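Structure record follows, encoded as C-alpha cells.
None of the figures in this text is laboratory data; all of them are computed from the coordinates on show. This one's a predicted model, so the numbers in the text were calculated from it and none came from an experiment. Cβ placement follows ideal geometry from the backbone for every residue including glycine, while neighbour counts extend to all protein chains displayed.
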Amino acid sequence: MDQWDLPTPCAGWDVAELVRHVVAGNVMVTAIARGADHAAVVSLLDDYVLTTEAIDEFDRSSASMLAAFGEPGTLDRTVTHAVGEIPGMQLARFRTGDVLVHTWDLARAAGMDEQLDPEVVASIWNDVEPIAPTLGMVGSFGPGPSGALGPDAPIQELLLDAFGRRP
C-alpha cells in the first residue's frame, strides 16, 4: 500500500503507526477480556511490531477479539482497564469507540469518505457525552473536547471533538 507514510490526525502518527496501534489495541483488549490485568498488557500498545501482513494481522486480531467477547460471561465479568474496574460490556464499548474514531483518522489521512455510521456514532456518543469533559485527563483518549462546539453540533463532530479531533 502506497499510503502507509501518510500523516494522520494523531500527532506524530502515520497510517502504518495508526494500523499498528489498532492491531495492538485489539490484541491487548482480547487479553483483558480473557482476564489479563491492564497493567500486565498495556505495554503491547507500544511494543507490538506489525509485520508486512498488516491486513491479515488486523483480521486475525479482530476475529480473536470478537471471539473473546463472545465467550460465556465475558461481557458480565469485571475487567481491569486504564480507567479502573469496569464490566466487560464497557470494555467492548470502549474498544468500539476507539476503533470508530481511528476509522475516521484513517479516512482523513487517506482522503476517503469521513462519514461514520450514524447509528454507531450515536450509540458511542451516548456513552461518551457524560464523561466527555474528563476524557483529556485520562490520557488514553486524546486531549479531550475543545470547548468550541455547542450541544447542537452534529453528533459525529461532538464525538470526534471529545476525542481531541478537530474536523
Exercise for the section: Assign unit charges at the C-beta atoms only (+1 for Lys and Arg, -1 for Asp and Glu), then state the dipole size of the chain relative to its Cα centre in Debye, rounded to the nearest 20. Expected result: 380 debye
Practice task
Using only the Cα atoms, work out Rg/Rh for the chain, with Rh taken as the Kirkwood radius, to two decimals.
Solution key: 0.95
Problem - Pairwise centroid distance, computed over Cα atoms, of the stretch 59-100 with the stretch 103-149, Å - result: 18 Å
Handout entry: Integer Hz, Karplus 6.51/-1.76/1.60 couplings in order for the stretch 11-24, x for Gly and Pro
Key = 3, x, 10, 9, 4, 4, 5, 4, 5, 4, 4, 5, 5, 4
Handout entry: Alpha-carbon Rg with Dmax, taken over the stretch 65-139, Å
Key = 14.0, 40
Practice task
Let me know the Rg and Dmax you get for the stretch 1-87 when you use only its Cα atoms, in Å.
Solution key: 14.2, 42
Problem - Segments 100-110, 144-154 sorted - mean Cβ within 10 Å per residue, highest first - result: 100-110, 144-154
